[in-house]
């Protein structure tokens, strides 16, 4: 129980932190990253350090090059761009992601497709967080269902493209900040996959 | 909320996460914190559960402007079809409409406002864009406009318009005038403006025509390819099979076009010799007695001359019973004998064959075929003969044939646009202060109306835009420098000939904002970039189009909720900018826009979205409001009109314009009093003669010949020895206003253009020429003109006239996206024809010359 609890917490906080990393950097970016990574302990330390020590204008420029384009997007940030033929936004996989959210009574309010990395990571945060909350509430069956959903969502969606996405970042980023985010996120996802506690296990 | 705004308020999310962790340490329950996601209110059905439906809107992939419908399911656009309610395209849509699905969801689409950080601009200078909020972006633009106003320099503001809807006056006219500048520059001169020259200076029609194909027996398509590109492709493609069953179709084009593939004859004319063919056909129609008597008239029964004979001048009148009587009694035309005497009498088929490279028998066969089919015969003049340096008169000569055939405004002939009943927006005059009036009085940056650029729209010198010359005006600061520019739905440093001049011009402008859906070469030079709504899926507006004997008004509608935080170029952005100007003390623009009240409720717009919708309702009110109905379709009200998506005019009133044309004589003018008046007016304004004007505008005609359709030897750049081929440009059936190149389907299906290849950009040579040069299919070649070059693949194809190199326009983007550019920022996929074509003009209309402009040479690389 304690292991599951810790695992859920680490994953919930981790997903939230990485989601924060993919927002367009505003002028308070450094503070945002500092605060978001606060609960992630050592995992976030390198990233937070780079956020402190990199010129925010360089980070902004790199963000646009990697995730926005506007000419050629070097690390397209949505699932359908990797998983579907011709890779456009709002593919069938994007609609499926939307359905997942709806099943949990959620709606995407970000001005991006439902399968944008920010939103998918936040959804994973939600699932891990719900597992934690319902477990703490004494509803362990419900907690296990949330963990199953988290694993299914990863295997059907996020994990299917996250590595290619991270690879695009590592290959094309000009700032060590984003390279570091990609590296540590990849590591985090691999670790989470191993340790995701499922009822059937 | 925009992504950037979300990030700015992320503090709450971040705080929540941190707090969650902290609370947990104290033993309380963790609660996931949401920022991008939100709990549904439970009231509305989930998007994915909502049944799909067809929603009406408009496609602007070309200027057919078809009424279409989009199947929207789960909030997503998935399919396109024609809107069955339109009487113009009647449920049909062409292939290019479907490419829009790959545009609206293009991974390289512009998704948030951006700001340049690299202070240097140039082809090799990455802009270094960073994300900014809408607020900051609009504030930057407003600051610069206020600087101009405060320094009485508002004439140094410029608005460049690319593709528009009829919401255009809000940004193009009203905003420019109220700020106080003369410099609203449209794209018309790079469109097909010279084509209107021929129709205006004969029958008083400064417009594109529609063609009564279901009722015709002969079509002579002249430098026009309606099965591929413009105008009303969906309609013509759909009915063409029936047309082929009843009519003879002949196509004049140096290359074998899509329409040539569905025709009876192909006339592979030598480039630039269209005028020769046209005057020869006129000569044959007259000498064979095949002109249409009902429209044109006939010889006076007592006239000693009763026929047109090659080489023989015909006196315009004769003596009969002591009075002077016209030799020829014209009915609905003017100046036939003048035309014959000045130009046509010696222009035999043999004479034309020498110049056009066409067989004498073919010229005769087509001329006689037309004549025998008249009046149900038409000469369909496209951009081909018109958009040449000396294209004004060739286009006029080709169109004049419709007068001889009695096809103008007749059943089975060429028709104008039916009457429609939209209304104009409120006038700006009361909102133009002294600064604005003074600024507006300056001369325009495109130099229209100067001696060299008569640019005579509808007979008025200096009234037509000279789009491509704007670059030179900016570079030379003539008449003045440009300090602040806004441009929308355009890409002039790709779409205008001799593109490098635009690179220099754009680098010179200190501040430029580009409003667009997709970043392109033009955006590369921008200081601020604003993401815009896609015209087919996300924008409110309307356009008008005519075909099939009708005109329709079709609305662009917001059929999906935009995924990204985009705004509409012509309405929402001007409103928001007006708000920023008001914050800075200049309220005139916002005060003006507040006049655009909702015609249904009388409500004043309170935000950009309301403004966009009210403006559309206002402009179209006579169409949907039963109390204001004037003609055409009737609706119960706005919602009824909106759901249908399109209004159709009354049927075409054939022959209504006979002897009521908007020419000086009200007749179809073979001797153009209208052109005479226009040229004389322009000459007088510059204290010179018409002959001097013609010399200045690169024409050869002198004296009276200037006022009749006549043959001009083509003006083509490059020495024939050094540059042995003539360049032939043409348009693709897949081009969506030149911006399809980043759609996979564009490349995958490129061989829909006859002779072209999928996944490649080819320049086509005739196999005879290829053999001489030792060039094979697939070779990498460089095509070089006196002013530029491009690299692409070679294709040997019989559908290309020997001595020419035919290449489609569309490829050659070096800054567009993952598919369009081969190596982004460095190497384009294929080549842009405009890198080859020199900046030259048909100066009487101001139009850019694209066809028969330059010679080229070809080398292997």
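The values are calculated or read from the model by the stated rules, or taken from the named source; none is laboratory data. What you see is a predicted model, and the numbers here were worked out from it, not measured in a lab. Here the Cβ is made from the backbone with ideal geometry for all residues, glycine too, and neighbour counts use every protein chain on show.
For this structure, a couple of remarks:
- Screening A:55, A:115 for residues that are more than 10 Å from every other protein chain (Cβ to nearest Cβ), surrounded by 23 or more Cβ atoms within 10 Å (Cβ to Cβ) and either without any contact (Cβ under 8 Å) to a residue 60 or more places away in the chain or in contact with a strand residue (DSSP E or B) (Cβ under 7 Å, 6 or more places away or on another chain) (or both) leaves exactly one candidate, A:115.
- Qualifying residue in segment B:528-550 (condition: free of Cβ contacts under 8 Å to residues at least 60 places away in the same chain and more than 14 Å from chain A (Cβ to nearest Cβ)): no
- For residue B:51: the one exception among (1) more than 23 Å from residue A:79 (Cβ to Cβ); (2) surrounded by 21 or more Cβ atoms within 10 Å (Cβ to Cβ); (3) more than 8 Å from every other protein chain (Cβ to nearest Cβ): (2)
- Close Cβ contacts (under 7 Å, 6 or more residues apart or on different chains) running from residues in segment B:563-579 that are away from chain A (no Cβ under 14 Å) to residues that are part of a loop (DSSP other than H, G, I, E, B) comprise B:568/B:533; B:569/B:489; B:570/B:164; B:570/B:165; B:570/B:167; B:570/B:168; B:571/B:167.
- Residue, surrounded by the fewest Cβ atoms within 10 Å (Cβ to Cβ), within segment A:1-28, restricted to residues that are at pLDDT below 90 and farther than 20 Å from residue A:192 by Cβ: A:27
- If you go through segment B:101-113 and pick out every residue that is assigned to a loop (DSSP other than H, G, I, E, B) and within 8 Å of another protein chain (Cβ to nearest Cβ), you end up with 7.
- Residue list for segment B:261-273, restricted to those being within 20 Å of residue B:373 (Cα to Cα) and touching a residue at least 60 places away in the same chain (Cβ under 8 Å): B:265, B:267
- All of B:772, B:860 fail the test of being free of Cβ contacts under 8 Å to residues at least 40 places away in the same chain, away from every other protein chain (no Cβ under 14 Å) and over 29 Å from the mean Cα position of the chain (by Cα), apart from B:772.
Residues checked against (1) modelled with pLDDT of 95 or more; (2) buried (at least 21 other Cβ atoms within 10 Å of the Cβ):
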| site | (1), (2) |
| --- | --- |
| B:271 | yes, yes |
| B:274 | yes, yes |
| B:282 | yes, yes |
| B:289 | yes, no |
| B:296 | yes, yes |
| B:310 | yes, no |
| B:322 | no, no |
| B:325 | yes, no |
| B:330 | yes, no |
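Residues are listed down the side, and each one gets a yes or a no for (1) more than 30 Å from residue B:552 (Cβ to Cβ); (2) in contact with a helix residue (DSSP H, G or I) (Cβ under 9 Å, 6 or more places away or on another chain); (3) outside any helix (DSSP H, G or I); (4) in contact (Cβ under 8 Å) with a residue 60 or more places away in the chain:
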residue	(1), (2), (3), (4)
B:643	no, no, no, yes
B:683	yes, yes, no, no
B:700	yes, yes, yes, yes
B:706	yes, yes, no, no
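- Residue in segment B:790-803 that is under 25 Å from the mean Cα position of the chain (by Cα) and modelled with pLDDT of 95 or more present: yes
- For residue A:178, the conditions (1) over 18 Å from residue A:97 (Cα atoms); (2) within 11 Å of chain B (Cβ to nearest Cβ); (3) touching a residue at least 60 places away in the same chain (Cβ under 8 Å); (4) not in a loop (DSSP other than H, G, I, E, B) all hold with the exception of (2).
- Residues of segment A:100-111 that turn out to be more than 7 Å from every other protein chain (Cβ to nearest Cβ) and farther than 18 Å from residue A:80 by Cα, as a count: 2
- Hey, residue B:156 farther than 30 Å from residue B:654 by Cβ and surrounded by 22 or more Cβ atoms within 10 Å (Cβ to Cβ) or not: yes
- Hey, residue B:116 over 30 Å from residue B:644 (Cβ atoms), modelled with pLDDT of 95 or more and more than 8 Å from chain A (Cβ to nearest Cβ) or not: yes
- Lone unmet requirement of (1) closer than 17 Å to residue B:446 by Cα; (2) crowded, with 22+ Cβ neighbours inside 10 Å; (3) touching a strand residue (DSSP E or B) at 6+ places or on another chain (Cβ under 8 Å) for residue B:483: (2)
- Residues satisfying the criterion are present in segment B:484-493 (criterion: more than 12 Å from chain A (Cβ to nearest Cβ) and over 23 Å from the mean Cα position of the chain (by Cα)).
- Condition met for residue A:46 (buried (at least 21 other Cβ atoms within 10 Å of the Cβ), more than 9 Å from chain B (Cβ to nearest Cβ) and either in a helix (DSSP H, G or I) or modelled with pLDDT of 95 or more (or both)): no
- Verdict on residue B:414 being over 25 Å from residue B:228 (Cα atoms) and in contact with a helix residue (DSSP H, G or I) (Cβ under 8 Å, 6 or more places away or on another chain): no
- Positions within segment B:666-677 being in contact with a helix residue (DSSP H, G or I) (Cβ under 8 Å, 6 or more places away or on another chain) and closer than 18 Å to residue B:457 by Cα, in sequence order: B:668, B:669, B:672, B:673, B:674, B:675, B:676
- Total residues in segment B:50-92 satisfying the condition of being under 30 Å from residue A:93 (Cβ atoms) and under 21 Å from the mean Cα position of the chain (by Cα): the figure is 6.
- Matching residues, segment B:292-307, being closer than 26 Å to residue B:414 by Cβ and part of a loop (DSSP other than H, G, I, E, B): B:292
- Of the residues making up segment A:16-39, those that are at the interface with another protein chain (Cβ under 7 Å from one of its Cβ atoms), without any contact (Cβ under 8 Å) to a residue 40 or more places away in the chain and assigned to a helix (DSSP H, G or I) number 6.
Residues checked against (1) touching a helix residue (DSSP H, G or I) at 6+ places or on another chain (Cβ under 8 Å); (2) modelled with pLDDT of 95 or more; (3) farther than 25 Å from residue B:519 by Cβ:
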| position | (1), (2), (3) |
| --- | --- |
| A:51 | yes, no, yes |
| A:59 | yes, yes, no |
| A:80 | yes, yes, no |
| A:84 | yes, no, no |
| A:106 | yes, yes, yes |
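- Among (1) more than 14 Å from chain A (Cβ to nearest Cβ); (2) under 22 Å from residue B:612 (Cα atoms), the one test that residue B:499 misses: (2)
- Of all residues making up segment A:58-99, the number that are under 19 Å from residue A:163 (Cβ atoms), assigned to a loop (DSSP other than H, G, I, E, B) and facing chain B (nearest Cβ under 7 Å): 3
- Criterion violated by residue B:59 - all others in (1) in contact with a helix residue (DSSP H, G or I) (Cβ under 7 Å, 6 or more places away or on another chain); (2) within 27 Å of residue A:115 (Cβ to Cβ) satisfied: (2)
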